[in-house]
Amino acid sequence: MSSVTRSRRQVRLSRALGIALTPKAVKHFEKRPYPPGEHGRARRRTESDYAVRLREKQRLRAQYGLREKQMARAFEDARKAPGLTGEALVEILETRLDALVLRSGFARTTLQARQAVVHRHILVDGKIVDRPSFKVKPGQTVQVKPKSQAMTPFQVAAAGAHRDVLPAVPPYLTVSLEKLSFVLSRAPKRVEVPVTCEVQLVVEHYSR
């Protein structure tokens, strides 16, 4: 799939879910803040509870760029965790390596963050990790591999070029952008995680 096609799909998905999934989608969203399709401008008819819960699950899944199987697996892990399932689900998703590479400002989009990991540019505690789903634990140090730091995309990131389109660095991360390094200082709390989602509706969707 070409980058243009992928970008168009992300914009269309953004409009369908009511959230901007990429910086490019933000601009389109400002122009067309309604769902795609010929009936997009019309008010939504009264939706069923199922449709509302389904859309909320799709919103959360899209913000992390996951396949349904990955999302369902994360929910199962959250269900087995102590405490509230919704809180645990967000923590599991947010401590994925690709999610934290994005939050830190090392990449501009989820896809870029994932590619940085898959292409073996990212170290966790000094060792290459090429699995985007790798769960980063509190206290672990993540950095761009020294040899990769001279590459243009990472030089751009180190200069802070992505900060204009990303949310503020959340308080559970200690980031040294110029060194392309960060530490997960503690587990994320739901209220601190910059995702748009009524997570309880996601729990209800999977629990039905």
Proximal charge balance of LEU97 [Cβ under 10 Å; K/R count +1, D/E count -1]: +2
In Å², nearest 10: area of VAL191 left accessible to a 1.4 Å probe: 140
Could you please put ASP98, ASP77 in sequence from largest to smallest accessible area, using a 1.4 Å probe? ASP77, ASP98
Given a cut-off of 29 Å, name the pairs among LYS80/LYS145; LYS69/LYS147; LYS57/LYS127; LYS80/LYS179; LYS57/LYS80; LYS57/LYS179 whose C-alpha atoms lie farther apart than that in the structure shown. LYS80/LYS145; LYS69/LYS147; LYS57/LYS127; LYS80/LYS179; LYS57/LYS179
Within the under-11-Å Cβ sphere about ALA81, not counting ALA81, Lys/Arg +1 and Asp/Glu -1 give a net charge of -2
Where the accessible area of segment 90-143 is counted over protein heavy atoms with a 1.4 Å probe, how much of it, in %, is carbon and sulfur? 52
Quick one: net charge of TYR64's neighbours, Cβ under 11 Å, K/R +1, D/E -1? +3
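The values are calculated or read from the model by the stated rules, or taken from the named source; none is laboratory data. Predicted, not measured: the structure shown is a model, and the values here were computed from it. Virtual Cβ from ideal backbone geometry, glycine too; neighbours counted across all protein chains shown. Ligands, DNA and RNA are excluded from the accessible area calculation, which covers all protein heavy atoms including side chains. Shrake-Rupley method; radii C 1.70, N 1.55, O 1.52, S 1.80 Å.
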